[in-house]
1. Summing Lys, Arg as +1 and Asp, Glu as -1, what charge do residues with Cβ under 12 Å from the Cβ of residue 179 carry, residue 179 excluded?
2. Using only alpha carbon positions, build the gyration tensor of region 86-232, then give the equivalent ellipsoid semi-axes as the square roots of 5 times its eigenvalues, largest first, whole angstrom.
3. Starting from region 170-270, pick out the GluC sites (Glu not before Pro) whose DSSP state is loop and whose Cβ has at most 13 other Cβ atoms within 10 Å.
4. In degrees between 0 and 90, to the nearest 10, how far off the longest principal axis of the chain does helix 27-37 point, with axes built from Cα atoms?
5. To test your reading of the geometry: what angle, between 0 and 90 degrees and rounded to tens, separates the Cα axis of helix 235-250 from the longest principal axis of the chain?
6. Give me the log10 of I(q) over I(0) for the chain at q = 0.08, 0.09, 0.13, 0.16 Å⁻¹, as the Debye formula computes it from C-alpha points; what are the numbers?
7. Calculate, in whole percent, how much of the Cα-Cα pair population of region 17-82 lies beyond 21 Å.
8. Using just the helices of the chain, give the 222 nm mean residue ellipticity in deg cm²/dmol: DSSP H runs with n ≥ 4 each add -39,500 (n - 2.57), and the total is spread over all residues, rounded to 500.
Amino acid sequence: MGLTGGLDFTGDWLALREPFDHVARAPVVTAATLAHLATRPTPRLVDLGCGRGSGLRFLRPRVGAGARWRLVDRDRALLDHAARTLDGGDEVELVTADLRGDDLGDVVAGAHLVTAAALIDLVDDAWLAELVAAVGTAGAALLVTGSVDGRVAWEPVHPADGDMVAAYARHQAGDKGFGEALGTAAPARLAERLEAARWRVTAARGDWNRVGDPALQRAYLAGVVDALAEHGVAGDELAAWHRFRRDAVDAAASRLTVGHVDLFATPPEV
Ligand SMILES: C[S@@+](CC[C@H](N)C(=O)[O-])C[C@H]1O[C@@H](n2cnc3c(N)ncnc32)[C@H](O)[C@@H]1O
């Protein structure tokens with residue numbers, strides 16, 4: 001998921017969620033991706049907004065040796081972290097680029113698979129159109145995972161959960177550096193765009209499902225509360241909700257479900 005607001009893209013947050021993102025991946029989408037790549041003896045993959053390399057760490061053992069990777073992010077420190085965790089084997093190119101300003105066609109050129117995890121909730125509809133066009137022109141397949149779809153459930157429930165979740169979804173639709181972000185509407189919009197252009201699409205839920213881990217829940221909660229406080233969401237109500245949620249986590253009585261969508265697609269002519 002592409003949280004912004006109180007949660008930024010620091011290596012700490014990305015490291016914390018990585019194992020949960022990997023467990024959440026929809027098996028049917030992973031299977032479609034691997035079946036597609038199996039037809040390429042030396043697959044070339046481009047990971048957009050790769051962060052510290054989570055996508056590579058998920059796919060690499062499944063794709064097998066010999067793949068070529070291009071990891072793309074605007075944050076050099078995250079790319080350097082990704083590089084430090086590599087253990088040789090595949091060819092990996094690190095590219096510092098601003099996906100908003102730079103030519104996407106150049107960034108994805110030569111790819112068999114373009115992938116992006118926890119990214120598209122940050123972008124606007126025009127950028128999605130550019131992405132579909134650029135990946136289609138490259139004749140590549142597209143794998144977009146971990147896109148938040150707005151379903152969030154906390155256990156135990158609190159009467160203010162619905163208001164807080166809705167307020168946070170509104171925040172996710174603000175400007176995140178890519179114009180007016182689609183936020184939780186992004187995965188449905190991407191599927192619509194691809195289907196309209198006659199891509200073959202496999203999509204499925206890839207949720208964080210009833211996660212009990214206290215560190216992940218605390219970080220997520222802090223991010224939500226910071227963002228809502230920034231937006232001036234009812235101070236007393238927010239404080240009471242925060243206290244209730246925090247106490248439940250401290251008592252190891254809390255679980256968090258965050259809905260994500262994973263999607264794999266191939267262009268009509270592939
Ligand atoms: C939520 S993180 C996801 C990171 C990684 N894909 C993962 O699953 O752990 C979003 C990533 O997109 C990158 N990003 C955001 N805006 C970007 C832009 N305009 N150009 C390039 N990268 C960008 C951030 O630096 C960050 O690494």
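1. Net charge around residue 179: -3.
2. 31, 18, 16
3. Answer by residue number: 269.
4. Taking the Cα atoms of the chain, the angle to 27-37 is about 20 degrees.
5. 70 degrees
6. Taking Cα atoms of the chain as identical point scatterers yields -0.32, -0.40, -0.83, -1.22.
7. 26 percent
8. It lands at -13500 deg cm²/dmol.
All of the numbers you see were taken from the coordinates with simple rules; none came from a lab. On a predicted model such as this, the values are computed, not experimentally measured, just so you know. Cβ atoms come from the backbone with ideal geometry, glycine included; neighbour counts cover every protein chain shown.
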